[in-house]
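J.: Structure below; questions to follow.
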Amino acid sequence: MVHRAWLYLCILLTAALVAASSSTSPAVAQAADAIDAHVALSVALLELSVDEWRERVAVPAAVNPADRGRAAALASIAKRFKAQRDRIYRKWGSTAAAEVVFSAKHAADIEDYLEVNPQIKGHIDVLSQTLRGLTDLEESKTAPSTAGANQ
């Protein structure tokens, strides 16, 4: 599912964020700027994901599996937020794939950056927990009921 893949990407970026360096050489300063930009982009994407999942959770569960209204509402939300996500990547001059590669390549530097910026790490942690809670809530709404299975 596309949303699962996006959640996985967000979690990967978050995990990589639990990672920038600070030094005075121009090359290191440039790398630190790139890490700062990566973290800011990742935070913006996490905030957008939280907003998206808040909207998704607000869509009532379908009473009848043949009801296409919920699916259409969720597809509309997904389309709108994908467009917003694409605009964010364009604004930052990046792509999801490039950010995953950057995260993997600079994981230790990102971890160091977050250690010296605990307010940013705290914000990322709150966003990540909120996102997990929202996706869990959405999954619980769509999971088949097992209430009568043990009777």
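The values are calculated or read from the model by the stated rules, or taken from the named source; none is laboratory data. Computed from a predicted structure; not experimentally measured. Neighbour counts run over all protein chains shown; Cβ positions are idealised from the backbone, glycine included.
J.: Restricting to region 81-137, count the residues that are within 13 Å of the chain's Cα centre (by Cα) and at positive phi.
T.: 0
J.: Here is a further query. What's the number of the condition A78 fails, among (1) closer than 30 Å to V116 by Cβ; (2) at pLDDT 95 or above?
T.: (1)
J.: List pairs: first residue in region 27-40 and acidic (D, E) and in a helix (DSSP H, G or I), second residue at pLDDT below 85 and surrounded by 13 or more Cβ atoms within 10 Å (Cβ to Cβ) anywhere in the structure, Cβ distance under 7 angstrom, at least six positions apart or on different chains.
T.: D36/A20
J.: What number goes with the only condition from (1) among the polar types (S, T, N, Q); (2) under 14 Å from the mean Cα position of the chain (by Cα); (3) exposed (fewer than 14 other Cβ atoms within 10 Å of the Cβ) that S49 does not pass?
T.: Result: S49 fails condition (3) only.
J.: So, one more: A72 passes all but one of (1) part of a helix (DSSP H, G or I); (2) modelled with pLDDT under 75; (3) not charged (D, E, K, R); which number fails?
T.: For A72, the failing item is (2).
J.: Further question on the same structure: Across region 69-94, what is the number of residues that are closer than 14 Å to A34 by Cα and either small (G, A, S) or loosely packed, with under 15 Cβ neighbours inside 10 Å (or both)?
T.: So the answer is 2.
Per-residue answers, yes or no, for (1) surrounded by 15 or more Cβ atoms within 10 Å (Cβ to Cβ); (2) modelled with pLDDT under 85; (3) under 16 Å from W53 (Cβ atoms):
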site: V116; (1), (2), (3): no, no, no
site: Q119; (1), (2), (3): no, no, no
site: L127; (1), (2), (3): yes, no, yes
site: T135; (1), (2), (3): yes, no, yes
site: E139; (1), (2), (3): no, no, yes
site: S145; (1), (2), (3): no, yes, no
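J.: Could you please let me know if V63 is modelled with pLDDT under 95 and either under 13 Å from H38 (Cα atoms) or in contact with a Phe, Trp or Tyr (Cβ under 8 Å, 6 or more places away or on another chain) (or both)?
T.: Taking the combined requirement at face value, the residue does not satisfy it.
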